[in-house]
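Report on one structure; see the data block that follows.
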Amino acid sequence: TYFTKKFQNSNARHSSLNGGTGNFQGDSFLVPGATVATLLMLGVLHARRMYQDKKSDELREKGVELEFQPDVKASFLRLLPLRSISRCWGYLTTMEIPVWLRPHVYRAWGRAFHSNLEEAALPLDKYASLRDFFVRTLKEGSRPIDADPQCLVSPVDGTVLRFGELNGAGAMIEQVKGFSYSVFSLLGASPSLPTTADDNVQEDHSGSITTTEKNKKSWWRVSLASPKVWDPTLSRPQRGLFYCVVYLRPGDYHRVHSPADWNILVRRHFSGRLYPLNERATRTIRNLYIENERVVLEGLWQEGFMALAAIGATNIGSIELFIEPELQTNKPRKKLLHSEPPEETVYECEGVGRMLKKGDELAAFNMG
Amino acid sequence: STVVLVFQAPISKQINGSDSSQEFNFCVKPGDRIRFGEALGRWHS
């Protein structure tokens, strides 16, 4: 109302002053009005988003878990060219920033996304672009690695979303309460993925003891491939299959490390969509983790099978592998509609794949 | 972005016939912030 009145007054004043034309000043005033309207709209959307986030945080604190609830926005996202948008964003972030401006830009990013800039290995003005800053390394000693030989360490910085044990041939991982996806779809139909405890015998539902070829094969594959010599004094080891999902916020350190001493045998690249992966997306988009572009590394560690899936998002669509620098992700796709089968590479050097020690750098997420 | 780790770990293991056994346990809770290098889980006798 204020702007309309002001606009009418200024219009009336101008028309009396310059004999009735008044069009030039009136139009020039229109532009600030449109800008203000846009800023107002963005402000309202941001306030609404913050209110929704606050509401979901309060519910989470009360222990109420939000359920899966697809909505119109999720369906709308399916229509957007998210991969092209992601590549455009990536192109923008490769732009070189003037040296004097760099600290201000990265401090603003750090404030917006709660990054700890003190840990960055280089002074802020040494990162030529936002993309270089995003994939920054940390100062020596910033991340001490748990030395306990009987522990598995987190491969990344982030927020633990879910974890647990996988049982039975179906082996489903919960995306959010009310919606699960299969670990086979996430990792790709892999012959070495054990689907139950890898002991050679297992109780089936009727209580009788059965031996499954698959478990034998996966057990012998593990025992033959793993460096340890089979020790008859050990009773049959019982092993379970576990999973853990860690979400990286935009401000987190985005390099991926090896969670244990690990032989990586296979790499699978799924060229998929690039939906956002934030909390709201996990609650509203079906099959989010098995539709998005991702790189799966699969191999063996001292306790058997291990696989790591690095899943991209709209703003962070690229996954760079330090053990295979030539791999390119988030490239224009030939077939637009249906998803392509995963592209697989078997690492054969040294005879047992790529050996990595606990904490070794493995990969990095990047923008675009 | 998101990382999903899928791995085998001991759920019970008799060691040299004695009665002690090992079992993997997570040492995090959903919603925890974790940093690279910190323990996700351990398996101790």
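Read-outs throughout are calculated quantities, based only on the coordinates presented, and are distinct from any laboratory measurement. Here the structure is a predicted model, which means the values were calculated and not measured. Note: ideal-geometry Cβ built from the backbone for every residue, glycine included; neighbour counts use all protein chains shown.
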Here the residues within segment A:53-96 that are in contact with a Lys or Arg (Cβ under 6 Å, 6 or more places away or on another chain) and basic (Lys, Arg) are none
Any residue that is in a loop (DSSP other than H, G, I, E, B), more than 14 Å from chain B (Cβ to nearest Cβ) and out of contact with any strand residue (DSSP E or B) (no Cβ under 9 Å at 6 or more places or on another chain) - is there at least one of those in segment A:133-142?
no
If you go through segment A:104-119 one residue at a time, how many are in contact (Cβ under 8 Å) with a residue 12 or more places away in the chain, outside any helix (DSSP H, G or I) and surrounded by 13 or more Cβ atoms within 10 Å (Cβ to Cβ)?
1
Taking segment A:72-94 on its own, how many of its residues are outside any helix (DSSP H, G or I) and of a type in the set (A, V, I, L, M)?
1
Regarding segment A:95-103, can at least one residue be identified that is under 20 Å from the mean Cα position of the chain (by Cα) and in a helix (DSSP H, G or I)?
no
Which one is surrounded by the most Cβ atoms within 10 Å (Cβ to Cβ) among residues in segment A:273-295 that are within 12 Å of the chain's Cα centre (by Cα) and among the hydroxyl-bearing types (Ser, Thr, Tyr)?
A:Tyr275
Could you list, in sequence order, the residues of segment A:281-324 that are under 20 Å from A:Trp89 (Cα atoms) and not in a loop (DSSP other than H, G, I, E, B)?
A:Ala281, A:Asn292, A:Arg294, A:Ala310, A:Ile311, A:Ser318, A:Ile319, A:Glu320
Does A:Gly90 satisfy the criteria of being under 28 Å from A:Val256 (Cα atoms), away from every other protein chain (no Cβ under 14 Å) and surrounded by 11 or more Cβ atoms within 10 Å (Cβ to Cβ)?
no
Within segment A:315-329, can one find any residue that is within 20 Å of A:Pro194 (Cα to Cα) and aromatic (Phe, Trp, Tyr)?
no
Could you give me the residue pairs with C-beta distances under 6 Å whose first residue belongs to segment A:161-183 and is facing chain B (nearest Cβ under 8 Å), whose second residue is part of a loop (DSSP other than H, G, I, E, B) wherever it lies, and which are 6+ apart or on separate chains?
A:Arg162/B:Pro30; A:Val183/A:Ala171
